[in-house]
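Written out below as structure tokens is the structure these notes cover.
Bear in mind that the values in this text are calculations on the coordinates, not laboratory data. As the structure is a prediction and not an experimental result, all values here were calculated from the model. FYI the Cβ positions are ideal-geometry reconstructions off the backbone, even for glycines, and counts take in every protein chain you see.
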Amino acid sequence: MMIREPLVDSYGRVHRDLRISVTDRCSLRCTYCMPEDGVPWLPRATMLTTEEVVRLADVAVSMGIEEIRLTGGEPLLRRDLVDVVAGLSALDPAPEVSMTTNGIGLDKNAAALREAGLTRVNVSLDTLRRDVFISLAKRDRLADTLAGIHAAAEAGLVPVKINTVLMRGVNDADEDVVALLTFALEHGYELRFIEQMPLDAQHGWDRSQMISGAEILAKLRTGYDLTAQPDESRGSAPAELFDVRPWGAGPEVEPLGMVGAIASVTMPFCGSCDRVRLTADGMIRNCLFATGETDLRTPLRDGASDDELAELIRASIGAKLPGHGINEPTFLQPPRPMSRIGG
């Protein structure tokens, strides 16, 4: 492989993390992502093939990408997902390959994905209550998600990380939030609470209704003591991590585990961002909230060389803004919803 110059933007941020969406389709209709009747799917002819995904990833790895996370939509809906994982894992040097999923179907695929080279998973789980799950996701699939989480752990896709988004008046009761943390601690999963971001297809995000990172921590502290881990242990990771101890315990007590808060809106971490995204239809995006993107699919299919594709990626990263701008009066929500971008 030709080793190229690292992906460094004009603010000195080195990019090592590539998120690849392998489909825009999803088996749930979570209200913070899309409406109950869904959104039009991308035409199948525009979707990158396995070979195209692997080739673009190979170019990115030659530019210093060290971790690739597969996203959707719901990546488990892609029939050749195992082949995608195997192709990415065979790259030289081999990146760490992980996946974000809603867990539905993971119980049937965890072992095969692990064998193909998948290292770990992040699973979305917003509640342990079936009625609330149905209210949020518009599907009665809580049991399937839980089965997928447990299967991932058994297959060695660890640490299993759980992603939770709280919605005001829906799944934000203190006792329910604490119950999720108790569940994660008892099973050895790593729980991350994420502020709701303006990435829903219906553009209904309302900052006044968003539950902030500070509120999330206050809810968790009704059941446990939390102690922030040192900032230097965070690196470029989006989550602020806290050691969890029994309520009222002192620092001399061994932590039960950890919990994270990703406060993308109220406490942006753009200054240490090292992520770049490739959509299922072959667009490179230098920020989750970017309003523009660079087409790689067309030049790829028109016969572009690896060097030419690398320059397109580099130009995209070179145009990256210093931050997402959510807190600025000029902020515009990106035209693509989360399901079409990839988390």
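A few remarks follow.
- Radius 12 Å from Cβ of P35, net charge of other residues (Lys, Arg +1; Asp, Glu -1): -1
- Kirkwood-based shape ratio for segment 68-188, expressed as Rg/Rh from alpha carbons: 1.00
- Working ranking of peptides 48-57, 328-337 by packing, defined as the average number of other Cβ atoms within 10 Å per residue, highest first, is 48-57, 328-337.
- On full extension, the segment bounded by D37 and S135 gains 33.9 nm, given 0.36 nm per residue less the C-alpha separation.
- Ordering of 130-141, 148-159 by packing [mean C-beta count within 10 Å, highest first]: 148-159, 130-141
- Rounded Å value of the spacing that divides the Cα centres of segment 69-88 and segment 247-320: 18 Å
- Annotation for W247 and A112: the two label points, set 7 Å from Cα along the Cα-Cβ direction, are 4.5 nm apart.
- Neighbour net charge for A151 - beta-carbon separation under 14 angstrom, K R +1, D E -1: -1
- Taking 0.36 nm per residue of separation and subtracting the current Cα-Cα distance, fully stretching the chain between M267 and A90 would add 60.0 nm.
- Between 0 and 90°, nearest 10: helix 50-61 axis offset from the chain longest Cα axis: 90 degrees
- Relative contact order %, segment 17-341, counting alpha carbon pairs below 8 Å whose residues are six or more apart: 19 percent
- Segment 292-327 residues near the modelled T46 label - backbone nitrogen below 16 Å, point 7 Å along Cα→Cβ: 292-301
- Alpha carbon convex hull of segment 17-341, projected area averaged over orientations, nm²: 16.2 nm²
- For segment 195-302, the Stokes-Einstein estimate of translational diffusion at 4 °C and a viscosity of 1.567 mPa s comes to 77 µm²/s, using the Kirkwood hydrodynamic radius over alpha-carbon pairs.
- In this simple spin-label approximation, S305 and A179 carry label points 7 Å from Cα along the Cα→Cβ vector, and these lie 6.1 nm apart.
- MRE, 222 nm, helices only [DSSP H, n ≥ 4, -39500 (n - 2.57), over the chain, to nearest 500]: -8500 deg cm²/dmol
- For segment 130-178, the fraction of C-alpha pairs more than 17 angstrom apart is 45%.
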